[in-house]
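Engineer: So that we are looking at the same thing, I have put the structure below in structure tokens.
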Amino acid sequence: MKYCLPLLFLTSIYFSFSQTKSSTETYYKLFDSHFDYKNHEVFNGLEYVDVFPELSRTKETNNKFYGSFGFKKGFIIYDEQPYYDLEMKYDLLNDCVLLNYVSKKTNYLRLSPERVSQFKLKEHKFVRLQNSPSLHAIYENGFFKEGYKGGKFSLYIKYRKDRQEDLSEGMVVNVFKEHKTFIVHHKDVFHEIGSRKDMLKAFSFRGKEIRTFYKNNSRVLKSNKEQFFVRLVKYLDTMNYLNTDG
């Protein structure tokens, strides 16, 4: 059975003096240490019920979540309020954030995506982007990993997993396969990038630099495509500061 949990109004405290990012984080962590979110209906969402029980996994790495199966300590901005050290995980099959939320009504909470602006797991930052025609086909609930955030060029990665049934052992075993889609943001436009051809088509004004980068970093491309695109987008962003074209 699904439940909607009402949002608890929290009084925001503002400081008259400026704070650094570090001191602000320390303040919120201190506040959270005296506030047990599991005993208060702070978050709004639906009870999470696993449609594909993890008992049918063949091994620990075969699951539908980002990283690993278990809950991990994470950070989230929910209704513009930061929360630290929450037990959470990211379901890539359904594109939703889950909270280990043991209460009288539910065990796991599927957070309302429109209330989540960003979250962080294992130091990897995910943000909820605004939908657009170029993102519509892969948007789902709008969560994208922030690979690189630059002044002119930024890289986002859409993580997804699909499910297949393996009957080879005489029983149904759910097999989850991960997919990544790379998105480059430039001048308020999102470009889906999968190859050198895509990069050259989207950013022809940097054709020479793109060709050279591909030539000099072919090993990285083969071993770690995500790291390759992070470096490429960072390189293009740096070029914009050296040359104002684009």
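The values are calculated or read from the model by the stated rules, or taken from the named source; none is laboratory data. The structure presented is a predicted model; accordingly, all values stated were derived computationally and were not measured. Neighbour counts are summed over all protein chains in view; Cβ atoms, including those assigned to glycine, are modelled from backbone coordinates with ideal geometry.
Engineer: Out of the residues in region 210-230 that are crowded, with 16+ Cβ neighbours inside 10 Å and of a type outside the set (Phe, Trp, Tyr), which is nearest to Tyr148 (Cα to Cα)?
Structural biologist: Val230
Engineer: Can you report the number of residues in region 159-175 which are among the β-branched types (Val, Ile, Thr) and closer than 16 Å to Tyr66 by Cα?
Structural biologist: The total comes to 1.
Engineer: Just one of (1) buried (at least 16 other Cβ atoms within 10 Å of the Cβ); (2) polar (S, T, N, Q); (3) free of Cβ contacts under 8 Å to residues at least 40 places away in the same chain trips up Ser112, so point out which.
Structural biologist: Ser112 satisfies all of (1) buried (at least 16 other Cβ atoms within 10 Å of the Cβ); (2) polar (S, T, N, Q); (3) free of Cβ contacts under 8 Å to residues at least 40 places away in the same chain except (3).
Engineer: So in region 177-204, with the set limited to residues that are loosely packed, with under 13 Cβ neighbours inside 10 Å and outside any strand (DSSP E or B), which one is farthest from the chain's Cα centre (by Cα)?
Structural biologist: Only one residue tops the list, namely Ser204.
Engineer: With the checklist (1) modelled with pLDDT under 95; (2) surrounded by fewer than 14 Cβ atoms within 10 Å (Cβ to Cβ) in hand, flag the one item Asn174 doesn't pass.
Structural biologist: Every condition holds for Asn174 apart from (2).
Engineer: Is it the case, given these coordinates, that Phe203 is among the aromatic types (Phe, Trp, Tyr), more than 18 Å from Asp95 (Cα to Cα) and out of contact with any strand residue (DSSP E or B) (no Cβ under 6 Å at 6 or more places or on another chain)?
Structural biologist: yes
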